[in-house]
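In what follows, a single structure is set out as structure tokens and then discussed.
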Amino acid sequence: MTLPVFQLRRNAFGRLVFQGADGVAHEGVLPVRAFPISEADRGLSLVTSEGRELLWIERLAEVPAADRALIEEELAGREFMPEIRKLASVSTFATPSVWKVETDRGATSFTLRGEEDIRRLSPQTLLIADSHGIFYLVRDILSLDKHSRKLLDRFL
């Protein structure tokens, strides 16, 4: 499928501006992924600040490089979801507890308020929310080391 003609740019305030084939400019456009975890490279929509869809993009790779770079910059600024690679320790097996973890963005610690803040997205994928509302992704439980899985099993 061929994408309709459009242009993306940033305005003086750094916000995305979308201009479609009709020539109408829309300021404050936001890229929104349909499946941000399971298929991050597929199904993306450019929407107005009011949530009205301007353009559906089946695959980000279809977008010209300059526009794709703007979309990826915007997504990176909005999507912050470190991926847990290892659980170093937990302060207690009761909640709240402090977790020390290694992520794809470095080592950190966070407070898990309750077991309900661990959400299973698939049999092997977890989404963990800390006390500040930051989400951490465990993409594949089986890829964690034995010690990490053992700690995690206490909360599942």
Given a Förster distance of 35 Å, the FRET efficiency implied by the Cβ-Cβ spacing of residue 125 and residue 22, rounded to the nearest 0.05, works out to 0.30
Cα extents of the chain along the three principal axes, largest first, in whole Å? 58, 32, 24
With each pseudo-label sitting 7 Å past Cα toward Cβ, what's the residue 147-residue 32 distance in nm, one decimal? 4.2
Per the helix-only calculation at 222 nm, which mean residue ellipticity applies to the chain, given -39500 (n - 2.57) for every DSSP H run of n ≥ 4 and division by its residues, nearest 500 deg cm²/dmol? -4500 deg cm²/dmol
Through the Karplus equation 6.51 cos²θ - 1.76 cosθ + 1.60, θ set to phi - 60°, convert the phi angles of the stretch 103-110 into ³J(HN,Hα) values in whole Hz; use x for Gly and Pro. 10, 5, 10, x, 7, 7, 9, 8
Kirkwood hydrodynamic radius of the stretch 1-84, Cα pairs, Å: 13.2
Counting other C-beta atoms within 10 Å, which of 135, 18, 155, 13 has the fewest, and how do the rest follow? 13, 135, 155, 18
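Throughout, read-outs are computed from the coordinates displayed, never taken from laboratory work. Note that this is a predicted model, so its numbers are computed, not measured. Note that we place each Cβ from the backbone using ideal geometry, even for glycine, and neighbour counts take in every protein chain shown.
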